[in-house]
Amino acid sequence: MTRPAEGVLRFGPTSRWVHATAGTLTLACILTAAVLYNGSLSNLIGNRHTVRAVHVWCGFALPVPLLLGLASAAHRRDLHLLNRFDPHDWRWLRSRNRRDGRIPVGKFNAGQKVNAALSAGALAVLLLTGSVMYFTQWTPLAWRSGATFTHDWFALGLGLLVCGHTLYAVRSPVALRAMRTGSVPLAWARSEHGAWAEEVAGPSEKAVSAGE
């Protein structure tokens, strides 16, 4: 059994690499989009053609780490958990006291699952509409006009999601550090993700004592 001083492994190397690579590419897309759509920033940065090229190729590169990550069984298990909602997740979303430990929380809480689903959906739409906008010889003007409108609004939505995700990460330094080192203290795991901590490290001494 894992001892508290050692902590528990939360994310393997593949999951951390996928998160870091996809996050970097997403951030590059957001920053270059801000330059392309803001006249003041565009004039300040200049090199609009280069900025556009970085935006386009970072967008096309985004699926690469996501697909390569599927080669890892551990990463596939994480994706399966992110894609699975159970009754406890619905209770967690509705509860005002979701962090008091009374609702069993697995490796990912419902908020993280919702964020992952929305981000994946937004990225898929942005990739599709971006392709329509880029390959102009393959699509009629009406398609490109609709794709531009959709792309702009989904880009704004994704930007807000990323800002919210970053804010929560900064507010939880242990979770943020887990994306760098892979492990978290067992005490934190029991507090924030009790069901998962019990699964990987066994019941706490307090729970064992209460069951006797």
Run lengths n ≥ 4 of DSSP H only: what is the helix-derived mean residue ellipticity at 222 nm for the chain, with -39500 (n - 2.57) per run over all residues, to the nearest 500?
-23500 deg cm²/dmol
Between the helical axis of 13-37 and the dominant principal axis of the chain, each derived from Cα atoms, what acute angle in degrees is found, rounded to the nearest 10?
40
Taking the Cα atoms only, what angle lies between the long axis of helix 48-61 and the longest principal axis of the chain, rounded to 10 degrees?
40
Going by how many other Cβ atoms sit within 10 Å of their own, how do Glu192, Glu199 line up, fewest first?
Glu199, Glu192
Exposure proxy check on Cys163, Cys58, Cys29: fewest-to-most Cβ neighbours within 10 Å is Cys163, Cys58, Cys29
Which one is right for this structure if percent of Cα pairs over 30 Å apart is calculated from it: (i) 19; (ii) 28; (iii) 34?
(iii)
Note down the magnitude of the dipole of segment 69-123 about its Cα centre, charges +1 on Lys and Arg C-beta and -1 on Asp and Glu C-beta and zero elsewhere, to the nearest 20 debye.
200
Exposure-ranked with fewest Cβ neighbours within 10 Å first, Asp100, Asp152 stand as Asp100, Asp152
For Gly23, what is the net charge nearby, where nearby means another residue's Cβ is under 13 Å from its Cβ and Lys, Arg count +1, Asp, Glu -1?
+2
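Coordinate-derived values only; no laboratory data. Predicted model only: the values in this text are computed from it and were never measured. When we count neighbours, we look across all protein chains shown, and the Cβ atoms used for this are built from the backbone with ideal geometry, even at glycine.
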